[in-house]
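> Pasting a structure below so you can have a look.
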């Protein structure tokens, strides 16, 4: 039998640590510190016609659950149109990105397994408020991503 090292966690509505980054609003709902490193769960609010640059996570698998909106997920050489209640799994080492192709804000949950990548958001994002739209993507956001890529084991790739 495995020894349990994590304790139960309750995140109330409006809870979590929120930052604005790359034009999106990210809220860490469960961190690796809370799950004994097994996974991290975040919420993202993605404004219409935006999304992060193409990238690869070298040490984590990533799973997305779209709750509201319409996103195109570019995963390796395929494009998947995600509507609410869609689930997308991206194995580590796979180039991917998403874009909001709808008219309103998209809301999704996403998980990293194992945890660790969630630290990047707290390190380079600016303080935000859950449920609030972030300022637009800036050149300093892209520079910050490049600066911490090695630390968080990801690469920005050409589309």
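> Kindly provide the set of residues from the stretch 64-97 that are closer than 18 Å to residue 158 by Cβ, in a loop (DSSP other than H, G, I, E, B) and touching a residue at least 12 places away in the same chain (Cβ under 8 Å), ordered by number.
Result: 76, 93, 94, 95.
> For the stretch 2-21, state whether one or more residues are at pLDDT below 95, in contact with a helix residue (DSSP H, G or I) (Cβ under 7 Å, 6 or more places away or on another chain), assigned to a loop (DSSP other than H, G, I, E, B) and surrounded by 14 or more Cβ atoms within 10 Å (Cβ to Cβ).
no
> Another question about this same structure. Criterion first (touching a strand residue (DSSP E or B) at 6+ places or on another chain (Cβ under 6 Å) and either surrounded by 16 or more Cβ atoms within 10 Å (Cβ to Cβ) or assigned to a strand (DSSP E or B) (or both)) does residue 115 satisfy it? Explain how you work it out, then say what you get.
Details: touching a strand residue (DSSP E or B) at 6+ places or on another chain (Cβ under 6 Å): yes; either surrounded by 16 or more Cβ atoms within 10 Å (Cβ to Cβ) or assigned to a strand (DSSP E or B) (or both): yes.
In short, yes.
> Would you mention how many residues in the stretch 30-39 are surrounded by 19 or more Cβ atoms within 10 Å (Cβ to Cβ) and farther than 17 Å from residue 124 by Cα?
The first filter runs over the stretch 30-39 and keeps only residues surrounded by 19 or more Cβ atoms within 10 Å (Cβ to Cβ), leaving 30-32, 34-35, 39.
Filter once more, so that each one left must be farther than 17 Å from residue 124 by Cα: 30, 32, 34-35, 39.
Qualifying residue count, the stretch 30-39: 5.
> Next up: Name the residues in the stretch 22-36 that are in a loop (DSSP other than H, G, I, E, B) and under 30 Å from residue 140 (Cβ atoms), would you? Explain how you work it out, then say what you get.
Filtering the stretch 22-36 for residues in a loop (DSSP other than H, G, I, E, B) gives 22-23, 31-36.
Once the filter is applied, which keeps residues that are in a loop (DSSP other than H, G, I, E, B) and under 30 Å from residue 140 (Cβ atoms), the stretch 22-36 yields 22, 23, 31, 32, 33, 34.
> Here is a follow-up. Working only within the stretch 139-159, note down all residues that are in contact with a helix residue (DSSP H, G or I) (Cβ under 9 Å, 6 or more places away or on another chain), in a loop (DSSP other than H, G, I, E, B) and loosely packed, with under 14 Cβ neighbours inside 10 Å.
151 - this is the single residue of the stretch 139-159 that is in contact with a helix residue (DSSP H, G or I) (Cβ under 9 Å, 6 or more places away or on another chain), in a loop (DSSP other than H, G, I, E, B) and loosely packed, with under 14 Cβ neighbours inside 10 Å.
The values are calculated or read from the model by the stated rules, or taken from the named source; none is laboratory data. Quick caveat, the model's predicted, so the values are computed rather than measured. Heads up, the Cβs are rebuilt from the backbone with ideal geometry, glycines too, and the neighbour counts pull from every protein chain shown.
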